[in-house]
Structures are given as structure tokens and as C-alpha cells.
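Notes follow once the structure below has been shown.
The values are calculated or read from the model by the stated rules, or taken from the named source; none is laboratory data. Keep in mind the model is a prediction, meaning the values are calculated, not measured. Don't worry about glycine lacking a Cβ; one is built from the backbone with ideal geometry, like all the others, and counts go over all protein chains shown.
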Amino acid sequence: MEEVVIKFIKKPKLRSPVLIEGLPGVGNVGKLAAEHLIDQLKAVKFADIYSKHFPPQVLVNDDGVIRLVNNELYYKKLPKSESDLIFYVGDYQGLTPEGQYMLSSKVLDICEEFKVSRIYTLGGYGMGKMIQDTRVLGAATSNELVEEMKGAGVVFPKGEPGSGIVGASGLLLGLGNLRGLEAVCLMGETSGYFADPKGAQAVLEILTELINVKVDFQDLVDKADQIDAIASKLKDLEETAQAGGGMPTPNPDDLHYIG
């Protein structure tokens, strides 16, 4: 198998598209945000990306049929906007630094082919604690973009993120900048303990204004309520243990995964 295989279902004609990346990461903030936009806008898949830099794994659907893990590209035409949209989502990021660079480079090749005008990468900024009022932190490829994002409500605290931006969310900015592509990373604060719909909603509230689309956030609100219930249950268990009662065995129904 080649290092990266891109299978196009179709090659849509798009007008100065904006690329939105949302792969798995801290709190799955970017993945939740991008997939919510895809669902809300009824975007159409136009390519599958396979790579030996993904885990050696197939996923099994409910009907028992397998599929090889992959990344996907979707598009949405916006007749009332100057720019259409391309979404880059998927099951995994590359497992190795080499794989990360290879996959990001291939996606940037596609950006150049479709004459992408701007890239938005979406992710989570792990705080290691529960967050009440979620900020959206930013990084960009130019001072002009930083000022534009500040006007949209994005914050740029000095020294944050201190360790930089790892993975596709960072590499698409860095490698894209080398190709002359303007790019922005939007990071919603998250505890990092769970998949975080609140962080995803905070990112989307800013992004949807920037790309001038309207979406319903109710599905993310419902998921956030479920996460809050899980967090409350875990806090009760922890307090019981600290009081000397020992750590009770949690009910699996209380700790189900929120996707």
C-alpha cells in the first residue's frame, strides 16, 4: 500500500473554498465541531483518504460489515457566500511524526488543487479541570489574521498554548504558511476528561460567524447535558471515597460514552 491513498468519489467545482479541519484530539472538540457542521449543513462526501500511517484496524458497522479506518473530505456549496466549504474529518490522525507530515502535505496538495482561500483548524485546549466559561484560544499565520480573530472573540493569551499545537491542527498552519496559505487554529478550552460538546459549541459559535452560516446547536447542548451528568456522578463517587466509604463501583449506564 502507498503511504497515502486518496480515492475521489467526485471532484466538485467550488468557489474559493474554505477548508475546515476537525480530527480527533483533546476533548474531541475539533471532531465534534466539524462533524456537527457537516450534519447541520448536509455536506456531501467527495473523497476518502487511506494511509498506512493510521492504526492497522478496521471498524465494524452495526450490520457486521467492516470498513478500513480513514479520513474523509466533504464539501458544501454556499450560493449566498463568496466561498464554499471543504471539511477534513476522520477516525484518526497519523500515528507517527512522519505520518502526520505526510497526511498534512497531501491535504495541502488538495487545498492547492481546489484553490482554498483559507484554512480553519479546530481543536481543544486541555486545562486539566472542569471548565465553566469556555474561552476560544487562537493561533494564526499572520498578525492581520490575529487581529481579525480578536475582533471575532478569539483570545490570544501570552504563552498559551505553551507547548505549541501538535498534530494536523498545527501542521496545516505551519506547512500551509510555507505554501502561502492563510490559516487559523481555533481551540476551545476543555478539561480533556471527556468528549466535550461545550468546547465544540464555543468554537462553532465563533466559526459560524466567520464563515457566515447558521446552525442549530441543540444536539451539542443535549450532549453537554449528558456530560455534565456524568461529571456530577463521578464527583459524587470521588467525594464518597474521600469520606472513607471506599470507591463504589459505578453503574455502567452512568458512564456511557458520549460521541
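Yes or no: Lys158 more than 14 Å from the chain's Cα centre (by Cα), more than 20 Å from Ile86 (Cα to Cα) and not in a loop (DSSP other than H, G, I, E, B)?
no
Every residue, every condition in (1) touching a helix residue (DSSP H, G or I) at 6+ places or on another chain (Cβ under 7 Å); (2) of a type outside the set (Val, Ile, Thr); (3) crowded, with 22+ Cβ neighbours inside 10 Å, yes or no:
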| residue | (1), (2), (3) |
| --- | --- |
| Glu2 | no, yes, no |
| Lys7 | no, yes, no |
| Ser16 | no, yes, no |
| Leu19 | yes, yes, yes |
| Lys31 | no, yes, yes |
| Arg67 | no, yes, no |
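Among (1) charged (D, E, K, R); (2) part of a strand (DSSP E or B); (3) within 26 Å of Ser81 (Cβ to Cβ), where does Lys7 come up short?
Going through (1) charged (D, E, K, R); (2) part of a strand (DSSP E or B); (3) within 26 Å of Ser81 (Cβ to Cβ) one by one, Lys7 breaks only (3).
Can you tell me how many residues within the range 10-44 are outside any loop (DSSP other than H, G, I, E, B) and out of contact with any Gly (no Cβ under 6 Å at 6 or more places or on another chain)?
Residues in the range 10-44 being outside any loop (DSSP other than H, G, I, E, B) and out of contact with any Gly (no Cβ under 6 Å at 6 or more places or on another chain): 14 in total.
Evaluate the range 191-208: report whether one residue or more is crowded, with 23+ Cβ neighbours inside 10 Å, part of a strand (DSSP E or B) and among the acidic types (Asp, Glu).
no
Got at least one residue in the range 40-55 being closer than 25 Å to Ala224 by Cβ, of a type outside the set (Lys, Arg) and in contact with an Asp or Glu (Cβ under 8 Å, 6 or more places away or on another chain)?
yes
Could you give every pair whose Cβ atoms fall below 7 Å, whose first residue belongs to the range 171-192 and is free of Cβ contacts under 8 Å to residues at least 40 places away in the same chain, and whose second residue is outside any helix (DSSP H, G or I) and surrounded by 24 or more Cβ atoms within 10 Å (Cβ to Cβ), counting only separations of at least 6 or pairs across chains?
Asn177/Ala183
What do you reckon, is Val107 crowded, with 18+ Cβ neighbours inside 10 Å and more than 13 Å from Ile6 (Cα to Cα)?
It is false that Val107 is crowded, with 18+ Cβ neighbours inside 10 Å and more than 13 Å from Ile6 (Cα to Cα).
Which of the residues spanning the range 97-146 are in a helix (DSSP H, G or I) and small (Gly, Ala, Ser)?
Correct list: Gly99, Ser104, Ser105.
What number of residues in the range 34-55 are charged (D, E, K, R) and under 19 Å from Thr121 (Cβ atoms)?
Number of matching residues: 1.
If the requirement is being among the small types (Gly, Ala, Ser), touching a residue at least 40 places away in the same chain (Cβ under 8 Å), surrounded by 12 or more Cβ atoms within 10 Å (Cβ to Cβ) and more than 21 Å from Leu103 (Cβ to Cβ), which of these qualifies: Ala152, Ala139?
Ala152
Which members of the range 217-245 meet the condition of being in contact with a His (Cβ under 9 Å, 6 or more places away or on another chain) and either among the acidic types (Asp, Glu) or outside any helix (DSSP H, G or I) (or both)?
Phe217, Asp219
This table checks each residue for (1) at negative phi; (2) of a type in the set (D, E, K, R); (3) modelled with pLDDT under 85; (4) not assigned by TED's automatic domain parsing to the domain that holds Gly94.
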position: Val154; (1), (2), (3), (4): yes, no, no, no
position: Val184; (1), (2), (3), (4): yes, no, no, no
position: Ser191; (1), (2), (3), (4): yes, no, no, no
position: Thr208; (1), (2), (3), (4): yes, no, no, no
position: Ile211; (1), (2), (3), (4): yes, no, no, no
position: Asp228; (1), (2), (3), (4): yes, yes, yes, yes
position: Ser232; (1), (2), (3), (4): yes, no, yes, yes
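Identify, from the list Gln132, Gln100, the residue that is within 18 Å of Leu19 (Cα to Cα) and polar (S, T, N, Q).
Of the residues listed, the single one that is within 18 Å of Leu19 (Cα to Cα) and polar (S, T, N, Q) is Gln100.
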